[in-house]
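Following: one structure in structure tokens, then a few remarks.
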Amino acid sequence: MADGAELLVVVGGDGSVNEVVNGIAGRDEAEIGVIARGTGWDFARSLTLPHSLDEAIAVALNGHIRTIDLGRVTYRAWSGDEAQAWFANVASTGMSGAIAQRANDTSKALGGKVSYVWATLGVFARWSNSEVAVTVDAESRRARLHDVVVANGPYFGGGMKICPDAEVDDGLFDVLLIGDLTKRDLLVTLPKTFRGRHLPHPKAELLHGTVVTVDAPEPLPLQLDGEQPGTTPARFELVPRALRLRVP
């Protein structure tokens, strides 16, 4: 860091990690330690960071170094201007962006999982899909979709193992296209996502790549590690080995 520090310890949830990543990515080589607090815990789950405070402190001070990939996103900010930001774990566009906003705007007293499930059911009841254009490297798709999930790590949404095989240091995004779901599809599949047993699914497709673009006739809300900075059109680029993190 500019003042010579070699370790930056983040105490907080996914939003805190995202804020720190956006402050140092591409500018600094300091190591990151995470003492996970808050409600989401998805970044901590993806990196198998400990829940116990004492264990988390020990890992932050003396853990092994794992150098992970990051995602860099170019998107449309709420102001209408083009903007750029980073994410460490999972980004997505579509219904999940609206779900993240609703979950963040309501009480999380019952925990992240319950908050996200209630937000999912509430948003789904009023959500209307549109045709979405997606490219993943050389692959192109155009279809009515609920979501495009661009995963560096496996977990999002308060514990959903949405892309079970995603690895934060394999040099690839796992990109999940979630099709035009019915209410029955959602009710049957949603519980399975918390165990990572929802794939394969007839209305989902899993792709892999390093550059993803998403666009739609009407702007779709975007979420980056649970934060909502803007909308599509969006371009996601994988930046390999961009963050040094202390892990067990």
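Test of understanding: among 23, 38, 15, which residue is surrounded by 14 or more Cβ atoms within 10 Å (Cβ to Cβ), not in a loop (DSSP other than H, G, I, E, B) and not assigned by TED's automatic domain parsing to the domain that holds residue 212?
Going through 23, 38, 15 in turn, just one is surrounded by 14 or more Cβ atoms within 10 Å (Cβ to Cβ), not in a loop (DSSP other than H, G, I, E, B) and not assigned by TED's automatic domain parsing to the domain that holds residue 212: 15.
Looking at 120, 74, 93, which is the one that is assigned by TED's automatic domain parsing to the domain that holds residue 164 and within 14 Å of the chain's Cα centre (by Cα)?
Values: 120 fails: within 14 Å of the chain's Cα centre (by Cα); 74 fails: within 14 Å of the chain's Cα centre (by Cα).
From the options 120, 74, 93, the qualifying one is 93.
Taking the condition more than 19 Å from the chain's Cα centre (by Cα) and either closer than 14 Å to residue 89 by Cα or modelled with pLDDT of 95 or more (or both), does residue 29 pass?
no
Quick check on my filter: what residues within the stretch 221-241 are modelled with pLDDT of 95 or more and outside any strand (DSSP E or B)?
Answer for the stretch 221-241, where residues must be modelled with pLDDT of 95 or more and outside any strand (DSSP E or B): just 225.
Under 21 Å from the mean Cα position of the chain (by Cα) and outside the structural domain of residue 229 (by TED's automatic domain parsing): is that true of residue 59 in this structure?
no
Given the conditions (1) under 13 Å from the mean Cα position of the chain (by Cα); (2) surrounded by fewer than 13 Cβ atoms within 10 Å (Cβ to Cβ), and given that residue 51 satisfies all but one, which numbered condition is not satisfied?
Condition (1) is where residue 51 drops out.
Among the residues of the stretch 39-60, what is the count of those that are in contact (Cβ under 8 Å) with a residue 40 or more places away in the chain and within 22 Å of residue 226 (Cα to Cα)?
The qualifying residues number 11.
For the stretch 128-160, give me the residue count where each residue is in contact (Cβ under 8 Å) with a residue 40 or more places away in the chain and part of a strand (DSSP E or B).
Residues meeting the conditions: 18.
Filter the stretch 169-184 for residues that are in a loop (DSSP other than H, G, I, E, B), surrounded by fewer than 21 Cβ atoms within 10 Å (Cβ to Cβ) and of a type outside the set (Gly, Ala, Ser) and give the result.
169, 170, 172, 180, 182
Report yes if residue 69 is of a type outside the set (Phe, Trp, Tyr), at pLDDT 95 or above and either out of contact with any Leu (no Cβ under 9 Å at 6 or more places or on another chain) or closer than 18 Å to residue 227 by Cα (or both), otherwise no.
So residue 69 fails the test.
The values are calculated or read from the model by the stated rules, or taken from the named source; none is laboratory data. In this text, all values refer to a predicted model and were calculated from it rather than measured experimentally. Here Cβ is always computed from backbone atoms with ideal geometry, including for glycine, and neighbour counts include all displayed protein chains.
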